[in-house]
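The values are calculated or read from the model by the stated rules, or taken from the named source; none is laboratory data. Source: prediction; values computed, not measured. Glycine also receives a Cβ, built like all others from the backbone with ideal geometry; neighbour counts cover every protein chain displayed.
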Amino acid sequence: MRKLLQPILAVALGLALGLAVTWIAGESPWHVLKILEKGAFGSGYDFGMTLFYTTPLIFTGLSVAVAFHAGLFNIGAEGQLTVGALAAAVVGAVWSGLSAPLAPVVAVLAALLAGTIWGAIPGWLRARRGSHEVINTIMLNFIAAGLTSYVALYLLKNPDSQNPETRPIGPGYLIHQFGIFGGAPVSAALPLAILAAALVWVLLWRTSLGFEIRAVGQSEPAARAAGIDAGRIRIIAMCLAGGLAGLVGVGEVLGNAGKFKVGFSPEFGFIGIAVALLGRNQPAGILAAALLFGALHKGTADLDFETEHVTRELSLILQALVILSVSADGLWSWMKERRRPVIPETAGGVTC
Amino acid sequence: MDSSQIVDDTTAAVELRALSKQFGGVRANADVNLRVERGTIHGVIGENGAGKSTAMKILYGIYRPDAGEIFVGGKKCVWASPSDAIAMGIGMVHQHFMLAGPYSALDNILLGAEPVRWGFIERKKARERLESLARQYGLPVEWDRPVEQLPVGIQQRIEILKLLYRHSNILILDEPTSVLTPQETSDLFANLKKLRDEGKTIVIITHKLKEVMSFTDRVTVFRAGKVTGEVETSRTNPQELANLMVGRKVVLSIDVPPARPRPETAIEVQGLSLAGPSGSRHKLSDVSFSVKRGEIVGVAGVEGNGQSELLQALLHPRESRCRTAGPVRYLANDVTVWDAAKIRDLGVAVIPEDRQSEGLLLERPVSENFLLGLQRSDAFSRAGFLRLRNLEKTATLAVEEYDVRPRGLMNTAGQLSGGNQQKLIVAREFQRQPQVLIAAQPTRGVDVGAIEFIHNRIVRARDEGAGVLLVSSELDEILTLADRILVLYEGRVVAEFQRADVSERELGLKMGGG
């Protein structure tokens, strides 16, 4: 019960702070809240857009969580999803003649593989060369951004568009969009994401490999002493993390745009960190947290049009405040700690 | 009790009255009464988690009691933090010393209590005072050497001088002998006696009955958060103290029948060497030995003489940076380039040196800790999936058989007391039906009752044909269990004995490099 309460309180606090900011800007908080609610859930289309934003967040949230269970901080989901989407788009544009059942499968595998490789690099560097994954994943984010711009602007430029994007993929690649959402691009990527969440749960809690991943994350010395090759496990975990993030490309390229657009992701990779955090790195929690952030993303986008004083920037502040209060996990334990005596119970059982 | 009564007529140096302290749901101290007379050495003993450290930490101001009172020199005291306790003349030497390695002995003592004048530290004046203190109590120290270059015994002396420099009259020492050689230990106690005779009051927290018997004046025994006895040392005996600690009759030293070694070799190492950081001495030099199946070979030595490095080389031969003159062999397999998982699969059980970091996942439940290392065994996995029902069944039985308390499989390992953590590790490792057992400090910090249990298990494994390598800094443990004894000193095997041929004194001398 307490496990549930804390994230809910954190979200409420963030939302309250955000509304306070809009209030200072001159909007009635109640009005803002109503627009948020309507923007995210008001109609079939609105809810569809919320789900459309939710889908990539499930993948990136899972990506961050899997790495986290192995004791790694994957800040590279953004880069991994970028190369994943690019790979799907490149395959679809180059072999545009491929037809239905095979084509999307090939593109999904391409996205998976590209993300996996992008995760494997920092995983290998950490495991075998000891260089920190935080630095390397950030660097790879930049490399991914540069690489995709190059491909989209020079190698596979869309001749029919002024925008930085690749040629459209073949029609055989497009995946099913659900009709009930009034035209919002909710595609088969959403059930794929939910399936991924279920598989991640099975992996972590029901398999030997998952146990080894968690053991390494809990205590590397203990895992090592038990004969687990911590380096190998870390590489595997980063491959999985990269692959999961890479699957973001499925919804975007095959289910929505039909091509790779530079800058399509409003930092899904980084919001994924907040999603994992709020979902406590548990697949079920991540599904819920992704839905929340998806709704927030959709709702705040509408604030811009529907109010006088709240601009795009202010709505970003609102989102950021929620993320901030979610991330302030330490704040909660600190507040609990303060009610305790001088020094918390440390090393209680060590000496006596 | 009447709280307006500030000054009590007691003459005790310290008195704790009806002290209670709770952590979460656990009662660490319940109605603890403890009286330490002025000018005595007072032993505080008890099993792990019996509450002795908690009581001392309350006295030192680290914890605040939920209920109860503290009197120092007859005055009722309420601490807000340790600095209040220090101001009243109470000092504590922690089990792990609080010294800044690269600083000189002098600077370490001054650190935090620098005599400052016009913004400058008056080193000369401080040094004069310290030198006179050192003379008075017979505690000579080289003031200008970085403490990391000094032996552990001297480091401890510096910790004690630190307290004296801060005008402490009541010195609390937490497990002071755990890192000392037998010779250093007797030096320490000689010094403590001198301090006592100069009028200081000394409280020693320990679990070693022998030390309590030979060096203290009075003893307070803790069990399960309560004081179960306070006795004059001269009127008691180790057996009585052990019974008070455990609450039942315990066998202090088990009777180990002689081994019948088999011809097959369990572990064989030839010429193992490990260079230290450039310029320093070798961590291991030319270590060779073998362990037959059906015998226990003890590696004696003061901690930090190469035991950790030896264990790493044995468990991770591929990754250790050791040079060997010959292959590392387990049960006639050359494992020099094997990884740890493959070695463990031969039937190699390991009780690691540091159970909290190497042995357990402290935040995970007992069941998962029981699985650690066995997650790919046929018993607990099939086609990559865990067989959780099997795990639960087997773990429930094992927890029962090895008497891990509390019994629940869902408690996290970190919630168990030290002794129970160790029993959990033993239960898990014996699940492998070991052909080879490497046990490092298997009973460190473990209570008397559990020591007996673990020792019996190790002997049983030997009698069932396992080759056992026992690494321990407890001489008594080595002398009780080992059939053959190697002494490790500064990374070398400096002596080898049959158990029957060696006295404790002789071993102690070899351990100290004599």
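General observations
- Condition broken by B:Val436, with the remaining ones in (1) of a type outside the set (Gly, Ala, Ser); (2) out of contact with any Gly (no Cβ under 7 Å at 6 or more places or on another chain); (3) more than 13 Å from chain A (Cβ to nearest Cβ) satisfied: (2)
- Among helices (runs of 4 or more DSSP H) entirely within the stretch A:175-229, having at least 2 residues that are buried (at least 17 other Cβ atoms within 10 Å of the Cβ), more than 10 Å from every other protein chain (Cβ to nearest Cβ) and not β-branched (Val, Ile, Thr) singles out A:189-206.
- Scanning the stretch B:483-514 for residues that are assigned to a loop (DSSP other than H, G, I, E, B), touching a residue at least 40 places away in the same chain (Cβ under 8 Å) and closer than 17 Å to B:Glu303 by Cβ returns B:Glu490, B:Gly491, B:Gly512.
- Where helices (runs of 4 or more DSSP H) sit wholly within the stretch A:240-339, those with at least 3 residues that are within 19 Å of A:Ala114 (Cβ to Cβ) and modelled with pLDDT of 85 or more occupy A:268-278.
- With respect to (1) more than 7 Å from every other protein chain (Cβ to nearest Cβ); (2) within 28 Å of B:Gly294 (Cα to Cα); (3) touching an Asp or Glu at 6+ places or on another chain (Cβ under 9 Å), the lone exception for B:Gly373 is condition (1).
- Options B:Leu331, B:Leu346, B:Leu361, B:Leu372: the member that is closer than 30 Å to B:Leu416 by Cβ and in contact with a strand residue (DSSP E or B) (Cβ under 8 Å, 6 or more places away or on another chain): B:Leu346
- Put simply, of B:Ala126, B:Ala134, B:Ala80, B:Ala190 the only residue that is closer than 29 Å to B:Ile45 by Cβ and free of Cβ contacts under 8 Å to residues at least 40 places away in the same chain is B:Ala190.
- Taking each residue of the stretch B:139-153 that is acidic (Asp, Glu) and looking for partners that are part of a loop (DSSP other than H, G, I, E, B) with beta-carbon atoms closer than 7 Å, six or more apart or interchain, yields B:Glu148/B:Gly101; B:Glu148/B:Pro102.
- Residue under evaluation B:Leu409, criteria (1) touching a Pro at 6+ places or on another chain (Cβ under 7 Å); (2) in the same structural domain as B:Arg457 (by TED's automatic domain parsing); (3) hydrophobic (A, V, I, L, M, F, W, C), criterion not met: (2)
- Only residues that are in contact (Cβ under 8 Å) with a residue 60 or more places away in the chain, crowded, with 22+ Cβ neighbours inside 10 Å, part of a helix (DSSP H, G or I) and of a type in the set (Val, Ile, Thr) were counted across the stretch B:451-479, and they come to 2.
- Residue selected from the stretch B:305-342 under the condition aliphatic (A, V, I, L, M) and on the phi > 0 side of the Ramachandran plot, by the criterion surrounded by the fewest Cβ atoms within 10 Å (Cβ to Cβ): B:Ala332
- Selection status of A:Phe73, assigned to a helix (DSSP H, G or I) and within 30 Å of A:Ile236 (Cβ to Cβ): no
- The listed residues are B:Asp378, B:Asp403, and the only one of them that is at positive phi and more than 11 Å from chain A (Cβ to nearest Cβ) turns out to be B:Asp403.
- Of all residue pairs spaced 6 or more apart or on separate chains, those with beta-carbon atoms under 6 Å, a first member in the stretch B:345-369 that is more than 7 Å from chain A (Cβ to nearest Cβ) and under 30 Å from B:Ala332 (Cβ atoms) and a second member that is assigned to a loop (DSSP other than H, G, I, E, B) and among the basic types (Lys, Arg) are B:Gly347/B:Arg432; B:Ala349/B:Arg432.
- Some residue of the stretch B:413-420 being more than 10 Å from chain A (Cβ to nearest Cβ) and either touching a helix residue (DSSP H, G or I) at 6+ places or on another chain (Cβ under 8 Å) or surrounded by fewer than 24 Cβ atoms within 10 Å (Cβ to Cβ) (or both): no
A quick yes/no check of all residues on (1) touching a residue at least 60 places away in the same chain (Cβ under 8 Å); (2) in the same structural domain as B:Val493 (by TED's automatic domain parsing):
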residue	(1), (2)
B:Glu198	yes, no
B:Glu232	no, no
B:Thr236	no, no
B:Val299	yes, yes
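- Scanning the stretch B:306-324 for residues that are within 13 Å of chain A (Cβ to nearest Cβ), part of a helix (DSSP H, G or I) and not hydroxyl-bearing (Ser, Thr, Tyr) yields B:Leu311, B:Gln312, B:Leu314, B:Leu315.
- Criterion applied to B:Asn333, B:Asn369, B:Asn411 was being modelled with pLDDT under 90 and either within 28 Å of A:Gly231 (Cα to Cα) or of a type in the set (Val, Ile, Thr) (or both), and the one residue passing it is B:Asn333.
- Contact map, the stretch B:35-50: residues that are under 21 Å from B:Glu198 (Cα atoms) and within 9 Å of another protein chain (Cβ to nearest Cβ) paired with residues that are in a loop (DSSP other than H, G, I, E, B) and at pLDDT 90 or above, Cβ distance under 7 Å, separation 6+ or inter-chain. No pairs are found.
- Within the stretch A:245-256, residues that are under 18 Å from A:Phe68 (Cβ atoms) sit with their Cβ atoms under 9 Å from residues that are part of a helix (DSSP H, G or I) and of a type in the set (Asp, Glu), at 6+ positions apart or across chains, in these pairs: A:Ala245/A:Glu78.
- Residues that are more than 14 Å from the chain's Cα centre (by Cα) and either among the charged types (D, E, K, R) or surrounded by fewer than 24 Cβ atoms within 10 Å (Cβ to Cβ) (or both) occur at least once in the stretch A:236-249.
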